[in-house]
Amino acid sequence: MEEIIEYVKNKKEKIKNIVKNIPFSKPLKIVIVQVNDDAASNSYIKGKINDLTELNIPYQHLKLRNDIDEKSLLEVVDRLNKDNSVTGFIVQLPLPKGINEEKIKRSIDPKKDIDGFNPLSPFLSATPKGILEYLIDNNYEFNGKNAVILGRSEIVGKPMAHALLKKNMNVIVLHSYTSNEDRKFYIEHADLIIVAIGKPYFIKNNDYKFKENTVIFDVGISRVEGKLRGDCEPDLKCLFQSPVPKGVGLLTRLALILNLLEAYNYGF
């Protein structure tokens, strides 16, 4: 499979050509709403802004007060929903205590919800979409293969499972209540593994005998003693393993832009 850094670079060149031909009469614009000072969020937003700048996509980083109340945030979302100059927008998670994240997600106009968090959104959430697009572009054969997903979150595990089912894969979702014996069985019979649990080096070489053709995407990222670590030990004995960092994070940021371009085609 193509190295992720090279893949993203090539994909961006194609996006630049699309953006260059967008008419002035209907400009493209994304708004990033931030209501926290979370270090991970700051880093992720910085990466997004770097991508947007590189691709010449107009953006607004709307940094709100950390003590904003739910009603005021809902008013901001409503304004962005109604603003015809905004193609799509995201509300960066996590949100401050006292604000119902689910309520905020559901308040976003589905046609502008490029994070894919609203249940009615036509867009696949960015991390699953980034992984799926990468596999498709690398001519991965989905039909009848075994996929194992570790983690059942609403933004990665569950939408990833749904997307792979649509690709005719046999999908198993593992979680904290899965026994060690069952986990070992499913992992060792998997062709595709997505790990998204946030536990550094949870998957180790010595614990499993992977199939030779296994492809592994490491979504988790943790900071341990100042160093970034994924959910998987490096250099697992498999066909392909996404690195941490500069792996799934790059695919996620790319997918957000792909969703933005899709939102542009929806019109208002």
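All of the numbers you see were taken from the coordinates with simple rules; none came from a lab. Predicted model only: the values in this text are computed from it and were never measured. Glycine gets a Cβ as well: all are built from the backbone with ideal geometry, and neighbour counts include every protein chain shown.
How would you order 224-234, 188-198 from highest to lowest mean count of nearby Cβ atoms within 10 Å?
Order by mean packing, descending: 188-198, 224-234.
Compute the FRET efficiency between Arg65 and Leu120 as 1/(1 + (r/R0)^6), taking r as their Cβ-Cβ distance and R0 = 25 Å, and round to the nearest 0.05.
The calculated FRET efficiency here is 0.30.
Tell me which residues come under 5 Å, amide H to amide H, from His61 once H is placed; ignore anything under 5 positions away on its chain.
Correct list: Ile32.
Taking the structure as given and computing mean projected area of the Cα convex hull in nm², which label from [x] 14.6; [y] 25.8; [z] 13.1 fits?
[x]
Gain in length, Ala40 to Lys237, computed as 0.36 nm per residue apart minus the alpha-carbon separation, to one decimal in nm?
68.0 nm
Using only Cα atoms, tell me the angle between helix 4-20 and the longest principal axis of the chain; keep it within 0 to 90° and round to the nearest 10.
Approximately 30 degrees, to the nearest 10.
Just from its helices, what would the mean residue ellipticity at 222 nm be for the chain, if runs of 4 or more DSSP H residues each count -39500 (n - 2.57) and the sum is divided by every residue, rounded to the nearest 500 deg cm²/dmol?
Helix-only estimate at 222 nm: -12000 deg cm²/dmol.
Starting from the Cα of Lys166, draw a straight line to each of the aspartates and glutamates and keep only those under 16 Å, dropping any in the same chain fewer than 8 residues away.
Output for Lys166: Glu133, Glu141.
Amide H to amide H, which residues 5 or more places from Ile193 or on other chains are under 5 Å from it, using H placed in the peptide plane?
The answer is Val148, Val215, Ile216, Phe217.
Under 19 Å from the Cα of Lys199, which lysines turn up, not counting those fewer than eight places away in the same chain?
Straight-line reach from Lys199, under 19 Å: Lys158, Lys184, Lys227, Lys246.
So which lysines can Lys82 reach, going by Cα to Cα under 24 Å and dropping same-chain residues fewer than 8 places off?
Straight-line reach from Lys82, under 24 Å: Lys26, Lys29, Lys48, Lys63, Lys71, Lys103, Lys105, Lys111, Lys112.
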